[in-house]
Amino acid sequence: MAPPDGASSSRDVTKVPFKPLAMKGPDISVERRPDGSIVITSNHAPGEGPRSIAHLIAARAAEHPERPYLRQREPGHGPWREVTYGQAQRAVEGIAQWLLDRGLTGADSVMILSGNSIEHALMTLGAYAAGVPAAPISPAYSLMSTDHAKLRHCFDKVAPRVVFAQSGPMFAKALETLKALDPTLAVITADGAPETIAFAEVAGATPTAAVEAARETLGPATVAKYLFTSGSTGLPKAVPQTHGMMAGVIAGQEGLRADAPTDEIPQSLEWMPWSHISAGNIGFNAVIWAGGTLHIDEGKPLPGMFETTIKNLYEVSPIVFGSAPIAFSMLAEAMENDPALRRSFFKNLRYMGYGGATLSNDVYDRIQALAVAETGQRIPLTTMYGATETQGVTVTHWITERVGLVGLPLPGIALKLAPNGSKYEVRVKGATVAAGYHKDPERTAAAFDEEGFYKLGDAARFVDPDDPAKGLVFDGRVTEDFKLDSGTWVSVGVLRPDLVAACSPYIHDAVITGQDKPFIGAMLWPSPAGLAALVADPAPGTPLEKLVAILRDRLAAFNAAAGGSSRRVGRFTLLTEPPSIDAGEITDKGYVNQRCALDRRAERVEALYAKEPGEGVFVV
């Protein structure tokens with residue numbers, strides 16, 4: 001469809017209609033309590049959900065055994081290899097039988113060290129079918145850590161009897177660490193490395209009636225897996241994920257569906273790690289529920305790796321594309337320079353979904369300009385909000401031009417906004433919420449309020465207090481916000497993405513400073529793409545000199561529109577050392593931990609506030 005005349009101009013894009021979004025609109029009840037708290041629930045009833053994810057994959061395999069379920073490239077961006085739903089279920093039952101033969105129960109676990117892969121998915125589903133919790137661990141704890149401290153901590157929490165790794169040689173040091181903790185540990189590898197059990201042998205076990213008997217014991221309270229938090233407040237916490245929690249998300253989403261199911265087979269492309277809630281539970285289970293085909297993307301939104309994602313998008317045209325905002329930025333840049341990629345990406349696309357961080361207005365505008373240029377329509381952008389402890393609990397399920405929304409509660413979820421200083425803290429209760437932390441009664445007790453609402457630590461506010469149905473907007477992390485010495489509050493979670501957007505494309509991320517100080521400071525990580533452009537720029541000056549000049553100009557313009565000291569940046573410094581996984585500064589999804597970065601880089605923070613700014617500190 002050709003775009004209307006002038007539709008690609010930034011001035012006219014806002015007048016172009018959106019592609020229809022097949023979701024029900026907002027319909028909520030709001031209870032305002034005498035203590036100042038506000039409880040919000042959806043008036044839409046939850047839809048149908050599965051009894052368990054193990055029952056779900058078995059049902060889909062019976063319905064369409066020949067349909068492709070999982071696809072993954074051979075090494076070196078080779079041809080796709082795939083398993084159908086029928087083949088997957090046969091492997092799942094073989095794995096379940098193997099685990100049952102070795103006496104594993106719900107009191108044990110299967111730890112998975114590797115990133116996303118066909119074998120990883122089947123190992124997880126096999127554990128589900130046997131009633132044995134899976135425990136996917138961030139690969140960074142094995143491959144990027146120098147001391148394996150977090151890996152050993154996770155091992156201690158869930159005490160696995162079986163560990164799976166995709167590659168024996170790649171994970172050799174991590175496996176050696178774990179075997180030292182438990183010499184009886186059974187190690188399974190996809191490549192059948194020496195002194196390990198080959199995955200093919202495990203998946204090839206002959207299922208007996210014991211597998212069906214184990215599956216029939218599963219219910220809403222059965223623990224399907226343990227997921228670990230990012231460790232932003234210390235070592236990662238183990239959160240039991242029950243089948244009821246995962247089914248609750250599916251049922252909530254079904255309650256918002258406004259169209260009838262079709263025979264179309266959804267195609268998805270996923271890079272985000274299965275050791276996190278968004279991809280590992282919500283996305284993973286949604287593919288099975290829809291009977292779709294999941295293409296495992298070995299690319300990541302990092303320089304030198306996003307090219308793999310781009311190559312895959314030439315062949316895979318998703319119906320829905322969900323990712324972290326950092327990927328949206330890199331995708332927009334790639335499509336702006338490649339009409340063929342743009343054509344393939346938008347070919348079947350109905351809407352896009354972002355999560356985990358706020359999408360900047362700059363990236364939103366660029367995505368919409370691309371959508372209009374290719375399709376003649378704007379593309380709806382949705383977002384789901386939640387946490388490891390809660391699954392997804394709110395969603396923006398209506399067309400909106402605003403980014404940064406938290407949305408409104410899923411059907412079946414109660415959301416409480418509890419007064420916390422000048423803000424409202426988000427608390428939640430419902431079928432998707434965990435009962436607590438594994439082997440950690442003290443943190444469990446502290447995580448819930450007197451009514452049983454889980455306290456997320458985030459703040460939110462209504463877009464329009466007089467019209468709550470317009471939704472909630474993210475208002476920062478309660479634990480990250482701070483006061484300047486003037487007593488002025490700084491909302492870090494709101495300021496940081498706005499600052500990065502104002503400096504786009506030259507800044508990758510930022511850490512905001514200023515607690516008990518006279519002004520806001522910023523520690524900035526330059527983006528590789530921005531630096532590369534400055535290196536190629538023939539104008540006089542070094543790339544650093546050019547970067548500093550650009551950032552001064554951008555931040556001065558940002559300050560001019562800031563409206564007050566709570567958003568004006570006084571000084572900045574540039575960070576050349578990347579954020580550390582071991583120190584907890586960053587997760588493998590690329591999210592920076594503000595508190596850990598401030599603690600680890602205390603000397604740089606101190607330099608920002610020296611009486612006379614020293615080398616590497618720049619005044620705006």
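What follows draws every value from the coordinates through simple rules; no lab data is involved. What you are looking at is a predicted structure, and each value in this text was computed from that prediction instead of being measured. Don't worry about glycine lacking a Cβ; one is built from the backbone with ideal geometry, like all the others, and counts go over all protein chains shown.
What is the angle, in °, between the Cα long axis of helix 85-101 and the longest principal axis of the Cα atoms in the chain? Nearest 10 is fine, range 0 to 90.
Its long axis makes an angle of about 70 degrees.
Per the Kirkwood treatment, what hydrodynamic radius in Å, one decimal, follows for region 205-301 from the mean inverse distance over all distinct Cα pairs? Present the calculation step by step, with values, prior to reporting the outcome.
On the way: mean 1/r = 0.0630 Å⁻¹.
About 15.9 Å for region 205-301.
Go through region 166-183 residue by residue and turn each phi into a ³J(HN,Hα) via Karplus (6.51, -1.76, 1.60, θ = phi - 60°); whole Hz please, and just put x for glycine and proline.
5, 10, x, x, 5, 9, 4, 5, 5, 5, 5, 4, 6, 5, 5, 6, 8, x
Cβ under 10 Å from V478's Cβ, V478 left aside: what net charge do those residues give with Lys, Arg +1 and Asp, Glu -1?
Here the charged neighbours net out to -2.
When ranked by the protection proxy of mean other Cβ atoms within 10 Å per residue, highest first, what sequence do the peptides 381-391, 48-58 form?
381-391, 48-58
Report the FRET efficiency, 1/(1 + (r/R0)^6), for R32 and E450, where r is their Cβ-Cβ distance and R0 is 25 Å, rounded to 0.05. Working shown, then result.
On the way: r = 19 Å, r/R0 = 0.74.
My answer for the efficiency is 0.85.
What angle do you read, to the nearest 10 degrees and between 0 and 90, between the alpha-carbon axis of helix 243-256 and the longest principal axis of the chain?
Roughly 60 degrees between the two axes.
Give me D191, D35, D516, D475 ranked fewest to most by other Cβ atoms within 10 Å of their Cβ, as a rough exposure proxy. It would help to have the intermediate numbers written out before the result.
On the way: D191 15, D35 7, D516 10, D475 23.
So the ranking, lowest neighbour count to highest, is D35, D516, D191, D475.
Show the residues, 5+ positions off or on another chain, whose built amide H is closer than 5 Å to the amide H of I197.
V187, I188, T189
Order 457-466, 260-269, 200-209 from most to least packed using the mean count of other Cβ atoms within 10 Å. All intermediate terms of the calculation are to be shown ahead of the outcome.
On the way: 457-466: 16.8, 260-269: 13.2, 200-209: 15.0.
Sorting 457-466, 260-269, 200-209 by mean packing, highest first, produces 457-466, 200-209, 260-269.
Return the long-range amide H neighbours of T84 (sequence gap of 5 or more, or a different chain), with a cut-off of under 5 Å between placed amide H atoms.
Residues meeting the amide H criterion: Y69.
Angle between the Cα long axis of helix 325-336 and the longest principal axis of the chain, 0 to 90 degrees, nearest 10?
80
In terms of modelled amide H atoms, which long-range or inter-chain residues lie less than 5 Å from the amide H of Y351?
Residues meeting the criterion, in which the H sits 1.01 Å from N, are F321.
Check the straight Cα-Cα distances from K24 and name the lysines below 21 Å, setting aside those fewer than 8 residues away within the same chain.
Output for K24: K470.
If you take every residue apart from G106 with its C-beta less than 13 Å away from the C-beta of G106, what net charge results, scoring Lys and Arg +1 and Asp and Glu -1?
Around G106, the surrounding residues sum to +2.
How would the chain be classified by its alpha-carbon gyration tensor: rounded, prolate or oblate, with rounded meaning a/c under 1.5 and the a/b versus b/c comparison settling the rest? Working shown, then result.
Working: a/c = 1.42, a/b = 1.36, b/c = 1.04.
Note, shape of the chain comes out rounded.
Residue by residue through region 33-40, what is 3J(HN,Hα) from phi via Karplus (6.51 cos²θ - 1.76 cosθ + 1.60, θ = phi - 60°)? Round to whole Hz and write x for glycine and proline.
Ordered by residue, 3J(HN,Hα) equals 9, x, 7, x, 6, 10, 10, 10 Hz.
Rounded to whole Hz and in sequence order, give me ³J(HN,Hα) for region 443-454 from the Karplus expression 6.51 cos²θ - 1.76 cosθ + 1.60, θ = phi - 60°, writing x for Gly and Pro.
Karplus values, whole Hz, x for Gly and Pro: 5, 4, 4, 6, 7, 10, 8, 5, 9, x, 7, 6.
Quick check: Cα centre of region 281-360 to Cα centre of region 74-109, how many Å?
So the two Cα centres are separated by 26 Å.
For K237, give me every one of the lysines with a C-alpha distance below 18 angstrom, ignoring sequence neighbours fewer than eight places off in its own chain.
Within reach: K150, K157, K225, K439, K455, K589.
When a/c reaches 1.5 or more, the comparison of a/b and b/c decides; with that in mind, is region 113-153 rounded, prolate or oblate per its Cα gyration tensor? Intermediate results must be reported in sequence, preceding the final value.
Numbers: a/c = 5.43, a/b = 1.90, b/c = 2.86.
It comes out oblate by the Cα gyration axes.
Using Cα centres only, tell me the gap between region 141-197 and region 415-442 in whole Å.
Between the Cα centre of region 141-197 and that of region 415-442, the gap is 33 Å.
Taking a ≥ b ≥ c as the square roots of the eigenvalues of the Cα gyration tensor of region 55-120, is the shape rounded (a/c under 1.5), prolate (a/b larger than b/c) or oblate?
Numbers: a/c = 2.74, a/b = 1.30, b/c = 2.10.
Verdict is oblate for region 55-120.
Straight-line reach only, C-alpha to C-alpha below 16 angstrom: list the aspartates and glutamates that K483 could link to, leaving out same-chain residues fewer than 8 apart.
Cα-Cα hits under 16 Å: D475, D516.
Once every Cα of region 54-218 carries one equal point scatterer and solvent is ignored, give the base-10 log of I(q)/I(0) from the Debye formula at q = 0.09, 0.14, 0.19 Å⁻¹, two decimals.
-0.29, -0.70, -1.22
Any number yet on Rg/Rh for region 200-244, C-alpha, Kirkwood?
Details: Rg = 15.7 Å, Rh = 13.2 Å.
Value, to two decimals: 1.19.
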